[in-house]
Every structure is written in C-alpha cells, then in structure tokens.
Amino acid sequence: MNSIKQLLLLSLLIIFKLNTLAQTYSISGKVVDFESHEPLINVTVHSHDSNKGIYTNDYGYYSLILPKGKHQLSYSFVGYGEILKAIDLQTDTIINIALKPGELLQTVEVTANQNSRLVAELGAIRLNPQLIEESAIIFGEADLIKYAQQMPGVQGGHEGFSGMHVRGGSHDQNLILLDGVPVYNINHFFGLFSVFHPGVIKSATLYKSNIPARYRGGVSSVLDVRLREGNLQKYTGEIAIGLISSKINIEGPIKKDTASFLFAYRRTYLDLFTRPLAAATGSNVSVGYFFHDLNAKVNYVFSPKSRLYLSTYIGKDAFFMKNKESVQTDDVDYVINQKSDLGWGNITGVMRWNYIYSNQLFSNFTFSVSHFDFDNSNLTSENTSDGDKKIDNNYSSGIEELATAIDFDYFLAHDHYLRFGIKLRGRRFNPGIESMHYNYQNDIELNSTVSNAKVTALQYAVYIEDEWEVTGEIKASIGLNINGFYTDSVSYNYLEPRLAINWQIAEKVALMGSYNYLHQYLHLVTNSGLGMPTDLWVPSTKRIPPVSVSQPSLGISWQILPKVHLNMDAYYKSMHNVTEYRMEYLLEEDQKDWQNKLVSGNGKSYGIEILLEKSGQKTNAWLSYTLSKSTRTFEELNQGKPFPYVYDRRHIFNVNLTHEFNDHIKLNAYWVFRSGRFATFETNSYMPYSPFPTGNETVDYYGQMNNLQYPNYHRLDLSLMLEKEKKRGVRTWKIGLYNAYSQVNPFIVEYDSSMNRFNKIGIFPILPFISYHFKF
Amino acid sequence: MVRFILLFTIAASTLYSCQEPVDLYLEEGERKIVAHGYLSPGVQAEINLELSFPYNSGDGGDTEEITNAVVKLNDQYGHTQEFSYNDSIRSYLPVNYMNILPGDVYDLKVKVPGYDSVFARTRIPSKIKIDSIRHYPVTVDYRELERYEITFSDPPNEENFYFFYTIGGSYNHFYSDDPLLQWDFVEKDYIVFSDEIIDGQKYTIVIDYFFNSEDSVSIHLQSLSPEAYFYFQSIDAQHNIHEFPIENVELNIPIAQPFQIFTNLENAVGIFASFNSDVKTLPAPE
C-alpha cells in the first residue's frame, strides 16, 4: 500500500514538474543597432522579475526561456541606451530590438558580474572598438593588438611591435580569429602594425582564463575579432589621413534591410615618396615598402530565419628594390639589372550562413579558406661585352587552410544554454623552398632546389558546452572539446575539459574559478619573437609534440561603487612541450630540417592580475597591474636548469585616462611601466685562431640562457581629439605624442668594451603624430 | 593649425635621444679552456691553449695563456706525439715527429690542472687540386680589375668542404658574386663553402682583383675537414646575426636568439680540425 502511495506521489511530482515546464515559453529575437541595423554581440537581455538573463550571440540572436506571465525585460549594452520592455508571456514570442547609441559606459569590460554575464565568458575582456579607434599608439595609428597589450596579463614583446604574450605564454600560443577564421600572420611592417583595420571592428573579445570549449588552438589566449557586416539602412563611411597610412571605409545597403556591404582599405605611402624621390635625384635605384589591407563583406537576409554572409580579407606587405645601370666605356659596355622583392601576406575568405531552426535552436555554418605566404626573390643579370651572367634566387614558405564548421546554439531551458558543433580543418604547410639558378657566360650553369617537404595535416574538433545556472547564486560553464590531429607520420587525439564557476557571494561581489586543459598543434619557428614574416608555422610531429597547458584560475569581481569596478585574477599555468630555438650552431645537413632548429621543454607561469575601472560621463579611467613570474626548463638548454622566460616581467602597470572637456575636445593619456625583459648575453669571449686570413674578431660564449635583465620600461602617450560637426559629417583631428617624455627604453642593450659599461639603445624616442579623420 | 604643427614638431624633435649608458649586473661566468689545433700534411702541428676572457675585460679582452697543460696527439696506429709549451710563439709545439697523412684519424688529448680533460678528433681530408687558372682584365663599376677564373674538380659522391683565399693584390680583398659566396656581393678576404651545389662537378670560381703595388698573387684552395668548415661558418653566422636588417632570406637582427660557436672539443671551446692545401702563385698582370 505504501509503495502505491509513493508511486502516486512521484507521479504527481513528475506531472507538476512537466506542467511547470509546459508553462515556460521562449522570448527570442535579434538585437541590432538602431541606426545601422547591424547585429549587436553580447547584449544583455535580462528579466528583472525572474532574475534570468542571457546575452546575444555572435550574430545578435538571443532566446530566453521564461515562465508564462508578465515580465519586465531589459536590453542593455555598453555604449547604448537601455531599453525596458514589459510583456505578458502567453506563447513563444519573437521580440527584435534596436538599441540607440548612448553614452560610453565603460572603458574595458571584464565579464564577471553574474547579473549581466553568463559564466562561460568568465575572465573574458571585451575590448571597446570605439576606444581602440580613439587610442593612438605609434605614429598615431590605432591598433587593436597594441590596445590589447594594455590589458592585465597581456604584454607586448619588443617596444612598438605587435607580439602578444599572455600569462607567460609565447606569442604563437594565441589564437587570433578574424570573423571566425585564424589569421596566421597578424603583422604588418615587421610587427609595427597589426592587420586589423581599426575603423571596422565591431567586437574584440580576449579570453585568457577560461577559454570556452567552442574555441581551440590557442593555449594561452583567444582573441575573437568580428568586423561590422555593413549598414542595412544608409551609406556611412570614414576617411582618415595619417603620417604613415591613409584609410577609407564605406558601408551601406544594397537593398534596405535585406542586403548590405562593407569595404575598407588601408595603405601606407612610404613608397609613393621614395619612387619619385629616386627619379628626381637621377638615381637608378628604386627602393620602397608598403603594406595594404582590404576588407570586403556582403550579406543577404533571405528571411528572418536565414542570412548569408560573405567576406574576404586581403593583406600584403612588400619591400622592393630595382636597379638598372648602363655603362659605356672605351673598353667595355655593360648593363646590370637587379631586382629584389620581399613580400608576405594573408588572404582569407569566409562564407557563413545563419539559420534559425526554432526559437530555441540557432545554427551557423561556416566554410573558410585562409592562406599566408612569404616570398623572396632576387634577380641579377649582367650583360657585358665580356659575357653574360644571371643569378636568380627564390625562397617561399607559407601555410594554406581549408575549414568548415557547423555550430549550434540551443537555448534548452532558462538554466541551460547549450552550444555544440563540429569543426574540420585541413592545412598544408610549406616549411620553405629555396631555388637558385646561376649562369655565367653559358659556360657555368648551376641549378639547385632545397626544400623541406610540404606537410598536409587534418584536424577535427567536436565540442559541447553548457552554461548552467545551478542556483540563483551559482552558475557554471562546463565544456568538453574532443579533438584530433593527423599527418602522414603522426596522430594525436585529446579530450579537453573546460570548467568555469561563478558564485555571487554578495550583491556586488562575485567569485570566479576556472580550469582549462588545452593543446596546440601548431608551432612557430622564430628566433626573434618580433613577428617577422620569416617566422614559420609548422605542425606537431613525433619529435615536436603538441604544446599542452593546464591552467587553474581564481578571481573576484567587486562593484565597489556604482561607477568603480575591481577585478582580480590569480592563475597558475603549467606548460609542456613548449619550444625554443636551439642554441647550438646547426650542421649544414641539420639546418635543412626545421625540427632540428627547435627544442621542446616545459614552462610555468603564475601571477595576480588587477583591473580597477572608473567610468563616468566625462572621465573614464582604468588601471591594471600584473604581478607574475614565468620560467622555462629545457633538458637541452641551460644545462637543464630553469631560466626566466624572455618576457618574465615581474611588475606591469598600465594607466589609461580619458577626459572629455566638451563635445569637441577629448584628451587621452596612457602610461605604462614594465619590469625589464630578459636576454641572453655573452659571459665570455675568445679569439678564434686559424691558419687562414680569417681576421681577428672575437667570438662570444653564452654561459646561461636569459641571464641579463634589461632596465625597466616606461612611457607616457598623450593624444588630443578635436571633433567638429560639419555639414556632411564629423571631422576629427587627432594630435599626440608617443613617448611624451622621450624615455630611452631599451630595444637592445650592448656592452661598450671601450667604456666598460652597458648602453641601452632605444628606437622610439618622442614621436609626435597627427591624423585627420572624416566620418560621414 | 599649420603654425601649431610646426611648433609642435620642432619642440618634440629637440627632445630626441636614443642611447644612454645604463647600470646592469651580469655575472662574469666561468672561464673556459679555449683550444685551437689544425693538422695538415707536411705542416708542423701547433696547439694553442688559453682561457676565455670575461665580457667586461675591456677592449681586446684579457687573454690568459695556459702554459702548464699536458698535450698529446694520437694517430690511428697507436703512435703518440707529445707537445710542449713554446714561449716565443706562445703555443704548444711537438717534441717528437709524427707523420700526418690524408685519410687518417688523429685524436687530441689535453689535460689542464684544475679542469676536466679535453678531447677531440679529426680526419685529414684529401688534397683537391686547382686544375687551371685563367685571367684577363675587366672594367667593373669604372674600376680596372683583373678577373681570375679558377677551375677545380670536386670529387663525386662525397662531402667536401673548402676554404678559398688569396694573398697579394689589394689587401687580399677580392670581389665576387659567385653563388658559392651565398649571394653576398660585398668584397671578401676568403670564401668558405661546401660542395652541396657543385658535387662531382668541374667548377670555376670567378673573382675580380684590384692590383696596386703587389707583384704577385697566390691562390689557395684548402680542402677542409667538416669540423673546420662548421667552425668557420658558425663564426660567420654569429658575427652576422647582429647585422641589420636583411641578408637573403634570414633576417639577421640584433635581438635574435644567439647561439654558441661550433666546437668538436669535449670540455673546451675552439676547434681541433685539419686541412689539405693546394696553392698556385701567379705574377701580377702587366
């Protein structure tokens, strides 16, 4: 009898639960910019009554599961006015929202507050596109990567260059995505500029604590950059003229609210001066350098449920030198032609198709190609009355990628937001081919090709992540990424768990914890760390296994005052199979295989990061501080003893202050302090004797790795923006100083043996800049 | 606005500075035994031993010779040649005779009190003869030069390494864009090259020579043991790594990670190597 009662009770409970479930409905839709109808990413949609929330995905879509009845919804986003909406939810409902741009609320947004963010985004830093554009780093050129370098836990490599080192990781440990496609070389001009056109960035999110399961490839960080899709309402654009480069971007509707385009182009013009200068001075030599970027996008809305996006990026850097010399003398006539070209660049192409199967299921299909290549060619021909001579030398390297993915967002219930998908990636690595042809008077002829074998690699990843509201105070993101990597000679398969927990311990205080275990199958062969085009992406092999990183993090987020926010993170990162350049000179045979140039070892890094922000109507400021230590241990380096990582900087401070004097004048000041980096310096020297006339220059012996710490680095940048409303748009002059007090920050340190002292040599003293912008 | 920009630029430029002395601490590091020995048929062996000098020992360093070492050379037949320190040439010279033959293997053993024993091995390379030399005057860049075409035959199916240099002419320099120079178009004192791209071929090195007061030129083609080749190559590479900015494909930049000079010595730096030379001397052109 008792058992029958229990069964009845259980059945009633199940029916009650099902009834409860049956009484929930979805509110879904898209959130767009009021003026351009551009989808907005990461807009918070929050129900005040039920204290449930969600945010829009990468395509501005959201779906919130709520109980039947009346609700007060809010839609809020950084830089936009909040919209409140009262609804009586009686069935599944679609609400599309257009947010109006408003006051700039926050400078840097670190996701932690449980009321506004879900847990999967824990530790993510959203870089404000407007502030990226307003920042002017070197030569007045706004730059996303240099802006990211100001964030806690992130640092640049050498001064002025675009390297990014996150929590003690090397700069190849970052996955940098442009509209979801990896960009293999993010540098222009040897890293002085990055490839991202600042005027068209819609969002940029940096993950360094918890890297959600949908991402894989960067064991230290993921920087997900999305460009605007194109204004669906009206034509807008911007022209900018700077000291180094000029830019134009234009966007607008092809068919209002149905199709739009975006076009952005940037080019430097150093070569436009050097070519006529050479001609004017009568020189036969023409030398120059330029880089350019082109972003082009179109999208088409087939229906409220279906939208197609096509986009491409083409970027190129080129150095060139041409020389033609003709000489006639009594004895001999000759013509010399010399031509050298050094070029590198990325090309990406992406097709994305969004389809909404139901209010709760959103999908995105992606097909992409990405290509990076580096070419160097030198041709010399000499035609003389004594005979002809021709030398032709070429080198090329690169990587090609073909990828496809399908990603789903499933808004299962108010407490479960699932994302799952599958990604397939095929890559072809060209680790370097050098060819040479030499002909002398048709008597001597040499032809030679030296190449590393091209490697084809296939990679898959299947992932699932659930953002789970465990209780009203505790939220968790649980994810799993199953992935594999295959080449002719080796295969690797891994399970990568991702876990993040957010506990709202008080109204304004949240604790966060996360754990990630990640692998990376790509390595960068580089001996400079600058981001040179000769840096070579290579796959994992038997000898060079994938890098693996295990990283637990703990953090606290505290809204101290309504406009003052504090965020603290602590982390411990252990790295295995990280690579360094071998320190010995390689024998000729060994130099031909790139694997011989690298050694694998381990590293560890730990630290505390603090970010304090203050936002206001007129003044916005933030301060970041990082206390960290990062070491490496390699069996084959430094006698197996641990040594500091080259960018093991103990203290890093960044202070950024923006003040708006009135509607026309805005001042930005940025100050940075970093402990000095490390370098390997010779401890001994000796004279290399020989019985031949080899000269008498000493050579160096290196006793220990990274044994010299450079002096501390600090500098102040100032910029002033002068805005004026004109008849056809807004004109802005940007004037500023890079390194305002002309601190000599060491690019290198040299020992002056005649004076018996070290000298620090800087390459960027005070640099004034000015640029003109016109937005229409 | 224009006046503002001008004033701004001038004021900013006056603050320009880019190099400053700085106080930094760096440990000197342990002094290493530096050994150099080159064997060649028909040439008396000489072993040079000294200690490396710390980075901060000022101009020219502070070389300290090792005078109390026990130095021995063994051949593959069990013969031993002993060496003693010679004050006048500040090197170790043999005290007994030993024949140095092409193709044979020789071991160097050095014991310096307070240091681990030093050991190295080399095999004497075969001589590779200069087949012919042709020369004639040319005019390059408005200069009257003498062009030399030096032909030799590289033995097939074996690795060979060469050191080519001249004595005479203008300060021993010559000009060449021969591909064996690895596309280095500057004037040179010598070329170190391997037979990688000329294996088994009859090859002609082309050099241009400027004569002034010298009355003859001697042309040296040395066949090197592999370790000598790697030693000279690594020295060249270490010196070039600080050059800016681009030499062919490799970007030699001052911040590049440095590397150690090649050595085949255990417990020491330097080299123990061998060579076999062919020399032709020609009178200066009229």
Legend entry - Most positive-pole-ward Cα, A:P546, A:F661, A:G60, against dipole of the protein assembly as shown from beta carbon charges: A:G60
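Report, in listed order, any pair from A:K52/A:K297; A:K146/A:K247; A:K30/A:K70; A:K641/B:K72 with a Cα-Cα distance greater than 24 Å. Don't skip to the end; give the middle numbers.
On the way: A:K52/A:K297 35 Å; A:K146/A:K247 18 Å; A:K30/A:K70 21 Å; A:K641/B:K72 34 Å.
Over 24 Å Cα-Cα: A:K52/A:K297; A:K641/B:K72.
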Legend entry - Between region A:491-512 and region B:122-158, the alpha-carbon center distance in angstrom: 70
Legend entry - Cβ-placed point charges (K, R +1; D, E -1), dipole of region B:28-170 about Cα centre in debye, nearest 20: 380
Inset, instruction - Provide a whole-number value for the mean count of partner chain Cβ atoms within 10 Å of the Cβ atoms in peptide B:257-268. - result: 5
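Counting only other chains, and only Cβ atoms inside 10 Å, what mean value do you get across the residues of B:230-239?
5
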Inset, instruction - Kindly write out, for region A:213-221 in residue order, the coupling ³J(HN,Hα) from the Karplus curve 6.51 cos²θ - 1.76 cosθ + 1.60 (θ = phi - 60°), rounded to whole Hz, with x marking Gly and Pro. - result: 5, 6, 9, 8, x, x, 7, 9, 6
Inset, instruction - Could you let me know the centre-to-centre spacing of region A:234-270 and region A:705-766, using Cα atoms, in angstrom? - result: 30
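Between their Cα atoms, which of A:K390/A:K592; A:K542/A:K573; A:K724/A:K775 are more than 19 Å away from each other? Mind dumping the intermediate values first?
Details: A:K390/A:K592 26 Å; A:K542/A:K573 24 Å; A:K724/A:K775 11 Å.
Over 19 Å Cα-Cα: A:K390/A:K592; A:K542/A:K573.
Other chains' Cβ within 10 Å of A:206-218 residues: what's the mean?
Working: counts 0, 0, 0, 0, 0, 0, 0, 0, 0, 0, 0, 0, 0.
Per residue, the average neighbour count from other chains is 0.
Quick one: putting +1 on the C-beta of Lys and Arg, -1 on the C-beta of Asp and Glu, what dipole do you get for region A:592-672 around its Cα centre, in Debye to the nearest 20?
Numbers: 11 positive and 8 negative charges, 44 e Å.
Charge dipole of region A:592-672: 220 debye, to the nearest 20.
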Inset, instruction - Any lysines with Cα under 19 Å of the B:K129 Cα? List them, leaving off those in the same chain fewer than 8 positions away. - result: B:K202, B:K280
Inset, instruction - Pick out, from B:N56, B:V95, B:Y77, the residue whose Cα sits farthest towards the positive end of the charge dipole of region B:33-123, with +1 on the Cβ of Lys and Arg and -1 on the Cβ of Asp and Glu. - result: B:Y77
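Size of the dipole of the protein assembly as shown about the Cα centre, Lys and Arg at +1 and Asp and Glu at -1 on the beta carbon, nothing else charged, in debye to 20? Mind showing how you got there, number by number?
On the way: 89 positive and 120 negative charges, 1371 e Å.
About 6580 debye.
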Legend entry - Sequence ranges B:149-161, B:263-275, A:568-580, A:79-91, ranked by mean other-Cβ count within 10 angstrom, highest first: B:263-275, A:568-580, B:149-161, A:79-91
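Taking the Cβ of A:N668 as the centre, find all other residues whose Cβ is under 12 Å away and add up their charges (Lys, Arg: +1; Asp, Glu: -1). Let's see the in-between values first.
Working: positive: A:K666, A:K734; negative: A:E133, A:E134, A:E660, A:D717.
Here the count lands on -2.
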Legend entry - Dipole-positive endmost among A:N745, A:L206, A:G398 within chain A (Cβ charges, Cα centre): A:L206
Inset, instruction - Using only Cα atoms, tell me the angle between helix A:270-280 and the longest principal axis of chain A; keep it within 0 to 90° and round to the nearest 10. - result: 30
Legend entry - Whole-Å distance, taken between Cα centres, linking region A:426-441 and region A:18-73: 56
Inset, instruction - Report, to the nearest 10°, how far helix A:2-22 tilts away from the longest principal axis of the Cα atoms in chain A, using its own Cα long axis and a range of 0 to 90°. - result: 60
Inset, instruction - Report ³J(HN,Hα) in whole Hz for each residue of region A:498-503, in order, from the Karplus equation J = 6.51 cos²θ - 1.76 cosθ + 1.60 where θ = phi - 60°; Gly and Pro get x. - result: 10, 9, 9, 10, 10, 10
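Given a cut-off of 30 Å, name the pairs among A:K475/A:K614; A:K256/A:K614; A:K423/A:K508 whose C-alpha atoms lie farther apart than that in the structure shown.
A:K256/A:K614; A:K423/A:K508
Could you state, as a whole-number percent, how many of the C-alpha pairs of the protein assembly as shown are farther apart than 54 Å?
Values: 156902 of 563391 pairs.
Tail of P(r) above 54 Å: 28 percent of Cα pairs.
Read the figures in this text as sums done on the coordinates, not as results from a lab. Because the structure is predicted, anything quoted here is derived from the model rather than measured. Backbone-built Cβ (ideal geometry, glycine too); neighbour counts: all protein chains shown.
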